[in-house]
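Before any comments, here is the structure.
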Amino acid sequence: MKTSFLALAFVAPLGLGLLAPRDASACGACVVPPQVNTIVTSHRMALSVSPKQTVLWDQIRYSGDPESWGWILPVKPGAVVELSTDAWFETLDAATSATVYPPPTNCGGGSGPSCGCGSALSDAGGFEGSSGGGVTVVHRGTVGPFETVTLSTETPGVLDDWLTKAGFAIPAGSSSVIDAYIAEGFDFIALKLLPNKGVDEMKPVRVVSPGANPTLPLRMVAIGTGASVGITLFVISEGRFAAKNFGNTQVPSGLLSWDFATGSSNYSTLRTSALADNGGATWATTFAIPNALLNQLPSDFTGSRFYTVDPVNFTSVGTIAEAYVKQGVNNNEATDQGCIASLQSLAQSTNMVVDPCPAGKPSTDPSCGTVAAGEIDARVFECGAADDITEATLDDIATALTGLHPKDVWVTRLEAELPQAALADDLVVEASATQTQVDNEMQAHTGTNVDAFCPSGVVLPPGSPAAPNGKQERDRMVVLASVMAAFVTALARRFGRAARQPARQSTGQPTPA
């Protein structure tokens, strides 16, 4: 079982942030025929946008045992598909999840299944079909456990026939969506698992496209989804990003309340209410901080943020980038950690990151060139592959930073619960008109059941002056002790569930507190 990643904020000797639950699903078409017992339960997505390239990451999770699996995504011509790492999403998700602290207290001397990108196949064989009938096979290949094919056509209707013959179950009524993408000049990348590959080998993939194209193909999401679909999107670019053609909102942190009896807040309720605005066609910004990827972030509550990749031994690191590398090593996705030095030394660089290798070629390929003076070779941000892995290295940060200047890079987390009606248009993201930070660390303003934590306890209102007679430090420790108690309870639940589940069902996602 892989070592799970948890994001924890420390102040000596303790003080642990609580991880709130987040579901994510979205991206391409989900078309599951009745005879195949397969449900795509969630997707985690990331988007890196620069003038040079756009990168879309996606990781698919199933419930059930699919007889076969496939995935279809519209892409701009020239796009290539590459294998990513579990560590990439595990780290981004955990490090940016909402963390709610209880309010300070004075204790009288102390204190429905949805589908996204998946397309089920009618058999587990390889792709059958070649160029012809108006469809051109641009490229065939193998990426990790996936067989891939890139298709291009200018003729409406013919792609459905090609995909059907190749084993994809294309539902009635979806041809108009596919034809609309064809009319807009899109190609298509299709993937399916190679024979004898199981659900536990569903590695995340990324699609690299030339130029800036900050668009998510939500129209494809509508194929096979339920009444609504939840999406979490991480945007890595130079500035805070927001939805351009949807509503934007934030969770009203000023209304946060803490229940001392359960050790939890009302954050989920407030989030649900915020996302219901505009008929559900709304995206909430829950994290947006500059320099969040390569630099250690400050904390209003604990001084500095640390990230723990080993919740048992509490081994922590100071940046998301280093946590990504450590998590990849814990996952046996790599053995070399030498790139950490570059991640640290170039965090404040104003030079552009450039990949000197042709699209789709590994960093060791003889066709790779050199970068110009004043540019950063993207390969210095890569850590090497494990002995038994030939295609995947810890190169997601290198890919994400290509075309960007490290000092100017923000990480933005957007969340939505989109109803079917909101999936009629693709999502376009753009630089937010408000380039202000949104912190995932918050403190509740009010509290309930405080007597469950300390008899005769009183919750101090926001902005209260320090407690007299040296009580301020004791009150702070009460808050931290309360958070620690809630974390220990969540950790016990997590490992209890893990012990009861088969190892192949482990996803590495942070457990809701």
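Below, the figures for the structure above:
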read-out: Hits in segment 301-324 - residues which are closer than 19 Å to Ile397 by Cβ and aliphatic (A, V, I, L, M); value: Val309, Val317, Ile320, Ala321, Ala323
read-out: Selection within segment 224-241 - buried (at least 22 other Cβ atoms within 10 Å of the Cβ), assigned to a loop (DSSP other than H, G, I, E, B) and modelled with pLDDT under 90; value: Gly224, Thr225
read-out: Segment 348-377, residues that are surrounded by fewer than 17 Cβ atoms within 10 Å (Cβ to Cβ) and not in a loop (DSSP other than H, G, I, E, B); value: Glu375
read-out: Filter pass, Pro103 being in a loop (DSSP other than H, G, I, E, B), modelled with pLDDT of 60 or more, under 27 Å from Tyr307 (Cβ atoms) and more than 16 Å from the chain's Cα centre (by Cα); value: yes
read-out: Counted residues, segment 248-262 - those being part of a strand (DSSP E or B) and touching a Gly at 6+ places or on another chain (Cβ under 7 Å); value: 2
read-out: Given (1) of a type in the set (Gly, Ala, Ser); (2) outside any loop (DSSP other than H, G, I, E, B); (3) at pLDDT 60 or above, index of the condition Ser456 fails; value: (2)
read-out: Answer from Val317, Val309 - the residue that is surrounded by fewer than 20 Cβ atoms within 10 Å (Cβ to Cβ) and either over 11 Å from Ala95 (Cβ atoms) or of a type outside the set (Asp, Glu) (or both); value: Val317
read-out: Pairs, first over 16 Å from Thr448 (Cβ atoms) in segment 257-282, second in a loop (DSSP other than H, G, I, E, B), C-beta under 6 Å, six or more apart; value: Arg271/Val251; Ala274/Val251; Ala281/Phe246
read-out: Of all residues making up segment 320-341, the number that are farther than 20 Å from Arg413 by Cβ and buried (at least 22 other Cβ atoms within 10 Å of the Cβ); value: 6
read-out: Residue in segment 394-425 that is farthest from Tyr101 (Cα to Cα), counting only those that are surrounded by fewer than 17 Cβ atoms within 10 Å (Cβ to Cβ) and either at pLDDT 95 or above or of a type outside the set (A, V, I, L, M, F, W, C) (or both); value: Asp425
read-out: Conditions (1) at pLDDT below 95; (2) over 25 Å from Thr350 (Cβ atoms); (3) under 22 Å from the mean Cα position of the chain (by Cα): number failed by Val428; value: (1)
read-out: Strands (runs of 3 or more DSSP E) wholly inside segment 263-347 that include at least 1 residues being modelled with pLDDT of 95 or more and hydroxyl-bearing (Ser, Thr, Tyr); value: 282-290
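The values are calculated or read from the model by the stated rules, or taken from the named source; none is laboratory data. It should be emphasised that the depicted structure is a prediction, and the values quoted were computed from it without experimental measurement. Ideal geometry is used to build each Cβ from the backbone, glycine not excepted, and the neighbour counts take in all protein chains shown.
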